Amino acid sequence: MQQTQYSSDELIRIFAALLESYDFENELAMLALKRHQFLKKRKALREFTALFIALWGLALQKSFPEDRDLVFEEFVNRFSYSAKGSNKDVELLLRSIEVYTTLLEKNRDRDFSEVATFITNLLLEDAPHKDKARLKLALAIRAMFKLIFERLI
């Protein structure tokens, strides 16, 4: 790892605190899930958590391109080890992180509409408010990225 002003442990600690304190209620509200849709809400929280982690990876790439892979991999390893839930839940979360990381590679931080489309297709299927939710979600993802980038260090 190239010498940087910040250690990987410090970058990971800062992000872990941000992730732990972030409340996805705003994003969940955009999906307008019904009160009784517990499984869908749980899935949405998993997807938003995975997206948040992938966005951090994108912010790392922008600020610490030489160190990004090592720091990101270390965080994902630690996070998966300490994640609550069944092995299947952790496996699904890790798979989702990979999916969002791949989706973000194309447009990076220029356009989040492809990611928003993916999430709304995954969670809303044929809901009448899907297009509206997709647009709101793209803006919310941009705001998430901005927050993560600003608090990176």
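Read-outs throughout are calculated quantities, based only on the coordinates presented, and are distinct from any laboratory measurement. Just so it is clear, the structure is predicted and the values come from calculations on it, not from any experiment. Heads up, the Cβs are rebuilt from the backbone with ideal geometry, glycines too, and the neighbour counts pull from every protein chain shown.
So the values come out like this:
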read-out	value
Added length on full extension, which subtracts the Cα-Cα distance from 0.36 nm per residue, residue 25 to residue 91	21.4 nm
Local electrostatic count, residue 63, Cβ distance below 15 Å [Lys/Arg +1, Asp/Glu -1]	-1
MRE, 222 nm, helices only [DSSP H, n ≥ 4, -39500 (n - 2.57), over the chain, to nearest 500]	-25500 deg cm²/dmol
Label-point gap, in nm, between residue 18 and residue 78 - each point 7 angstrom along Cα→Cβ	1.4 nm
At least 18 Å along the helix axis (C-alpha) and Kyte average at least -0.5, DSSP helices within the chain	8-21, 38-63, 68-82, 87-107, 130-150
Simple Cβ-charge dipole of the chain, Lys/Arg +1 and Asp/Glu -1, about Cα centre, in debye nearest 20	720 debye
In the chain, lysine pairs with alpha-carbon atoms under 21 angstrom apart (chain gap of 8 or more, or interchain)	24
Counted charge near residue 89, where neighbours are those whose Cβ lies closer than 13 Å (Asp, Glu -1; Lys, Arg +1)	+4
Spin-label zone in the stretch 30-44 - amide nitrogen under 11 Å from a point set 7 Å from the Cα of residue 122 along the C-beta vector	43-44
Lys/Arg +1, Asp/Glu -1 at C-beta; the chain dipole; positive extreme among 129, 70, 45	129
Label of the coordinate-derived value, mean projected area of the Cα convex hull in nm², listed as [x] 12.1; [y] 19.2; [z] 8.8	[z]
Dipole of the chain [Lys/Arg +1, Asp/Glu -1 at C-beta], most positive-end residue of 58, 119, 31	31
